[in-house]
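Presented below is the structure to which this report refers.
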Amino acid sequence: MKIISVVGARPQFIKLSSLSKELRKKHREIILHTGQHYDDELSRVFFSELSIPKPDYNLGIGSAEHGEQTGKMLKAIEEALLFEKPDLVIVYGDTNSTMAGALAAAKQNIPVAHVEAGLRSFVKSMPEEINRVLTDHVSSLLFCPTPTSVRNLKREGITKGVHLVGDVMYDSLKENLSVAEKKSKVMNNLNLQKRDFYLITIHRAENTDLRKNLKKITQILKNLDKKVVFPIHPRTRKRLSEFKLLDRLLSKHDLLLIDPVSYLDMLILEKNARYILTDSGGVQKEAFFLKTPCLTLREETEWVETLKGGCNQLVGLEVDRVAEKIRTKSHLPGKVEEKTALTSKGASKRIARLIAISKV
């Protein structure tokens, strides 16, 4: 089978890394990189570090407003599909690259497989939610990471082609954690001690594009009582500067505002942090896998399984609420149920096997 994997953003490279190895055992895979993430720290380093084959296509779309970016992707992906004529297109997650790849394929009657199907925040104003819903409704194979995601699809009338497979990001973490522990020097380079720092990641539009929300986040960070490591997304840095909040943040003397880090370095930071504060779905999951307490700076999460046992807690952007959670829970290591769909290794093998026997 000739398969095109469409990726464009950092989390998708991680998901691709474990699945690509399995696909290439029996199929011809073509990797199409939209260029949604194009900085070395957000793109190239992931391909080299995770031994992902060099993309066959790099569209170089770059950043833009949602409509413009998605439109450019649709046009360029369509041209690639017309030339390659694949048997299947695989898309990952919930980015503009995901939706553009799915729509371009569906318009040409090429079957679509969606990895991480069925996730819902039930917040229709989120760009990611729009991308998820539209992608699921044009997909022929829907690979769900959790029982909740299967139920979400059933409520929307989608039952055909739906498979509970587990989480490919768990495969990637299990494959790479021991490598990270041997190779990463990030703890020494940043002069960090285990469980003696907070790790924060912020990138979602609702947090970065509204000054009032970004201002609350800066106050949350300024109130933290230990060293704070903040690998900052380029868009977040740009917004902080535009809203004149960057200097306010930099006034915190124990803040380490650093460029985005590699996957291996990120795993080590996540494993050793006292707390993780994030609005990222992927980081929530990795914290859950690593049993590191996580505070999610949102009022909802697609990954409801991570809330079990109290390892992940939804705190929104209320400064006092975050401070209280840290004050009362900072001594806890985080509790994780060992047996969940999320922590069942082998999702990539299951997906590859299902594709091989599918009738699409």
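Checked against the criteria, G166 does not count as in a loop (DSSP other than H, G, I, E, B), farther than 27 Å from K345 by Cα and either in contact with a Leu (Cβ under 8 Å, 6 or more places away or on another chain) or not hydrophobic (A, V, I, L, M, F, W, C) (or both). Out of all the residues in the range 181-190, is one or more assigned to a loop (DSSP other than H, G, I, E, B), in the same structural domain as Y92 (by TED's automatic domain parsing) and of a type in the set (S, T, Y)? No, the conditions are met nowhere in the range 181-190.
Which one of these is buried (at least 18 other Cβ atoms within 10 Å of the Cβ) and outside any helix (DSSP H, G or I): S121, S125, S172? Lay out the reasoning, then the answer.
Details: S125 fails: buried (at least 18 other Cβ atoms within 10 Å of the Cβ); S172 fails: outside any helix (DSSP H, G or I).
Every option except S121 fails the conditions.
Kindly check whether there is at least one residue in the range 159-168 that is within 17 Å of the chain's Cα centre (by Cα), under 14 Å from L119 (Cβ atoms) and of a type in the set (G, A, S). The answer is yes, given that some residue of the range 159-168 is within 17 Å of the chain's Cα centre (by Cα), under 14 Å from L119 (Cβ atoms) and of a type in the set (G, A, S).
Is it true that some residue in the range 244-263 is in a strand (DSSP E or B), under 30 Å from G118 (Cβ atoms) and not basic (K, R)? Can you show your working first?
To start, the set of residues in the range 244-263 that are in a strand (DSSP E or B) comprises 255-258.
Narrowing further to those that are under 30 Å from G118 (Cβ atoms): none.
The answer is no, given that none of the residues of the range 244-263 is in a strand (DSSP E or B), under 30 Å from G118 (Cβ atoms) and not basic (K, R).
Condition test on L82, is it out of contact with any helix residue (DSSP H, G or I) (no Cβ under 9 Å at 6 or more places or on another chain) and closer than 26 Å to I355 by Cβ? In short, yes.
Summed over the range 4-22, residues that are touching a strand residue (DSSP E or B) at 6+ places or on another chain (Cβ under 8 Å) and closer than 16 Å to K54 by Cβ total 9.
Applying a threshold of 7 Å to beta carbon distances and a minimum spacing of six or more residues, or different chains, the list of pairs starting in the range 242-261 at a residue that is free of Cβ contacts under 8 Å to residues at least 40 places away in the same chain and surrounded by 16 or more Cβ atoms within 10 Å (Cβ to Cβ) and ending at one that is part of a helix (DSSP H, G or I) and of a type in the set (S, T, N, Q) reads L245/T218; L249/T218. For I276, the criteria (1) closer than 24 Å to N189 by Cβ; (2) surrounded by 21 or more Cβ atoms within 10 Å (Cβ to Cβ); (3) hydrophobic (A, V, I, L, M, F, W, C); (4) at pLDDT below 95 hold in every case but one, which is (4). When K335 is tested against (1) at pLDDT 90 or above; (2) more than 18 Å from the chain's Cα centre (by Cα); (3) basic (K, R), just one condition goes unmet, and that condition is (1).
For the range 129-149, give me the residue count where each residue is surrounded by 21 or more Cβ atoms within 10 Å (Cβ to Cβ) and not in a loop (DSSP other than H, G, I, E, B).
Taking the range 129-149 and keeping what is surrounded by 21 or more Cβ atoms within 10 Å (Cβ to Cβ), we get 131-132, 135-136, 139, 141-146, 149.
Filter again for not in a loop (DSSP other than H, G, I, E, B), leaving 131-132, 135-136, 141-144, 149.
Count: 9.
Select from the range 175-187 the residues that are surrounded by fewer than 20 Cβ atoms within 10 Å (Cβ to Cβ) and of a type in the set (A, V, I, L, M, F, W, C) and list them in ascending order. Result: L177, V179, M187.
Starting from residues that are in a loop (DSSP other than H, G, I, E, B), among the aliphatic types (A, V, I, L, M) and surrounded by fewer than 21 Cβ atoms within 10 Å (Cβ to Cβ), keep the ones in the range 191-223 and report whichever is farthest from the chain's Cα centre (by Cα). Give the derivation first.
Restricting attention to the range 191-223, the residues satisfying the condition of being in a loop (DSSP other than H, G, I, E, B) are 191-196, 202-204, 209-210.
Pick out the ones that are also among the aliphatic types (A, V, I, L, M) and you get 192, 202, 210.
From what is left, the residues that are surrounded by fewer than 21 Cβ atoms within 10 Å (Cβ to Cβ) are 192, 210.
Numbers: L192: 25, L210: 21 Å.
Selected residue: L192.
For the range 108-118, filtered to residues that are without any contact (Cβ under 8 Å) to a residue 60 or more places away in the chain and buried (at least 24 other Cβ atoms within 10 Å of the Cβ), the residue that is farthest from the chain's Cα centre (by Cα) is V112. Candidates I220, I232, I200: the one that is under 27 Å from P127 (Cβ atoms), of a type in the set (V, I, T), outside the structural domain of C144 (by TED's automatic domain parsing) and free of Cβ contacts under 8 Å to residues at least 40 places away in the same chain is I232.
Just checking, does the range 99-107 include any residue being more than 16 Å from the chain's Cα centre (by Cα) and basic (K, R)?
First pass over the range 99-107, keeping only residues more than 16 Å from the chain's Cα centre (by Cα): 100-107.
Restricting the remaining residues to those that are basic (K, R) gives 107.
Within the range 99-107, one or more residues are more than 16 Å from the chain's Cα centre (by Cα) and basic (K, R).
Scanning the range 233-259 for residues that are under 19 Å from S63 (Cα atoms) and modelled with pLDDT under 90 gives H233, P234, R235.
Among the numbered conditions (1) at pLDDT below 95; (2) crowded, with 21+ Cβ neighbours inside 10 Å; (3) within 29 Å of V165 (Cα to Cα), the only one that K308 does not meet is (2).
Looking at the structure I just gave you, is H137 free of Cβ contacts under 8 Å to residues at least 40 places away in the same chain and within 29 Å of A180 (Cβ to Cβ)?
On the way: free of Cβ contacts under 8 Å to residues at least 40 places away in the same chain: yes; within 29 Å of A180 (Cβ to Cβ): no.
Taking the combined requirement at face value, the residue does not satisfy it.
The values are calculated or read from the model by the stated rules, or taken from the named source; none is laboratory data. Please read all numbers here as calculations on a predicted model, not as lab measurements. Methodologically, a virtual Cβ is constructed for each residue, glycine included, from the backbone with ideal geometry; neighbour enumeration extends over all protein chains shown.
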